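The next block holds one structure in the form of structure tokens; read it before the comments.
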Amino acid sequence: ENSMAEPVLSLIIPVYNAEPFLEECFQSIVDQTFQQNFEVSIYNDKSTDGSALIIAEWQAKFKELNPNIVSVVVGLNDGTEGKGCGFAKNKSIAQSNGKFLCFLDSDDIMTPDRLEELYKACLEHPNSIIGSNFKRIPEDATAREVTIIQPTWCLSRDVFNAVGGYLPDTGEPEDMVFFYKHLSLGGGLYKVQKDLLIYRWHENMTSHKINRVTLMRYRVRAFEE
């Protein structure tokens with residue numbers, strides 16, 4: 001029994017009304033070929049669908065299905081409403097223990113080698129945000145053109161703490177703000193040139209709510225600095 005084993009990496013999973021996607025997402029976690037101890041950190045941001053039931057079911061079986069999962073932490077926003085993606089990511093990170101943080105959106109699916117590849121890159125580039133290539137579903141989905149898309153990120157807890165976490169949800173693109181603050185502090189970027197994530201595009205995606213003008217404003221401002 002390795003329950004005392006420290007995870008080297010934590011999967012950071014904010015969940016908000018992701019019921020149709022959670023089974024596939026969670027299955028992709030237990031299918032990882034990563035041979036080191038890792039942790040699953042889920043934060044349920046006041047979902048109003050069946051997400052909590054699916055999370056509870058999987059919470060009981062993650063470790064059983066993959067012996068390298070040494071810890072499963074589930075947090076819940078018990079307030080009156082969801083507080084947004086940045087809030088949920090901060091909470092999921094605060095309750096986690098890994099030295100490295102690997103983001104996973106609850107509607108995405110990891111390839112089996114994702115953690116292995118990202119961990120290797122993190123060790124080689126400890127001061128960088130690590131991203132990767134990805135496949136889209138549906139294939140012709142017109143995703144926003146972001147440099148290294150946030151759902152593919154992995155980084156060290158030190159890098160996260162240096163930036164100071166995500167801003168609370170104000171309609172500003174929290175991943176953009178984080179990304180540019182990281183660069184302004186001299187942080188690096190590194191992209192693994194492999195498809196390590198299946199990125200799902202659908203109508204009620206959070207990133208879709210942030211309008212393009214805001215995104216452009218952030219880009220322009222960063223290049224002016």
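The values are calculated or read from the model by the stated rules, or taken from the named source; none is laboratory data. The structure displayed is predicted, hence computed values, not measured ones. With ideal geometry, Cβ positions are generated from the backbone for all residues, glycine too; neighbour counts draw on all protein chains shown. SASA here: full protein model, heavy atoms, side chains in, ligands and nucleic acids out. Shrake-Rupley method; radii C 1.70, N 1.55, O 1.52, S 1.80 Å.
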Practice item. Would you mind working out the accessible area per residue for region 42-95, using a 1.4 Å probe, and quoting it in Å²? Key: 47
**Study point:** Under-5 Å amide H pairs with residue 188, H placed in peptide plane, nonlocal only
**Key:** 128, 129
Check your understanding: Sorted by average packing, counted as other Cβ atoms within 10 angstrom per residue and highest first, what order do 89-99, 55-65 take?
Key -> 89-99, 55-65
**Study point:** Set of lysines near residue 99 by C-alpha distance (under 19 Å), chain-local residues within fewer than 8 positions excluded
**Key:** 89, 91, 120
Practice item. For region 79-95, just list the computed ³J(HN,Hα) in residue order, Karplus coefficients 6.51, -1.76 and 1.60, θ = phi - 60°, integers in Hz, with x standing in for Gly and Pro. Key: x, 8, 7, x, 10, x, 5, x, 4, 5, 5, 4, 5, 4, 6, 4, 8
Practice item. Note down the net charge around residue 55, summing +1 for each Lys or Arg and -1 for each Asp or Glu among other residues with Cβ under 12 Å from its Cβ. Key: -4
Check your understanding: Which residues in region 100-125 have a backbone N closer than 19 Å to a point placed 7 Å from the Cα of residue 36 along the Cα-to-Cβ line?
Key -> 100-104, 111-125
Practice item. Distance check, please: which entries in 63/135; 63/194; 46/83 exceed 18 angstrom between their Cα atoms? Key: 63/135; 63/194
Review point. For region 28-109, with equal point scatterers placed on the C-alpha atoms only and solvent neglected, what are the log10 I(q)/I(0) values from the Debye formula at q = 0.14, 0.16 1/Å, to two decimals?
Key: -0.48, -0.62
Check your understanding: Whole-Hz Karplus ³J(HN,Hα) for region 46-55, in order, using 6.51 cos²θ - 1.76 cosθ + 1.60 and θ = phi - 60°, x for Gly and Pro?
Key -> 6, 4, 10, 9, x, 4, 4, 5, 5, 4
Review point. Can you list residues whose amide H is under 5 Å from residue 47's amide H, if they're 5+ apart or on another chain and H is modeled 1.01 Å from N?
Key: 17
Point to revise | Whole-percent carbon and sulfur share, accessible surface of region 1-127, 1.4 Å | key: 50
**Study point:** Theoretical gain in end-to-end length, residue 81 to residue 53 [0.36 nm per residue, Cα-Cα removed]
**Key:** 8.3 nm
Point to revise | Karplus 3J(HN,Hα) series, Hz, for region 14-21 with 6.51 cos²θ - 1.76 cosθ + 1.60 (x for Gly, Pro) | key: x, 10, 9, 6, 10, 3, x, 10
**Study point:** Inter-label distance, nm, simple model (7 Å from Cα along the C-beta direction), residue 64/residue 195
**Key:** 3.3
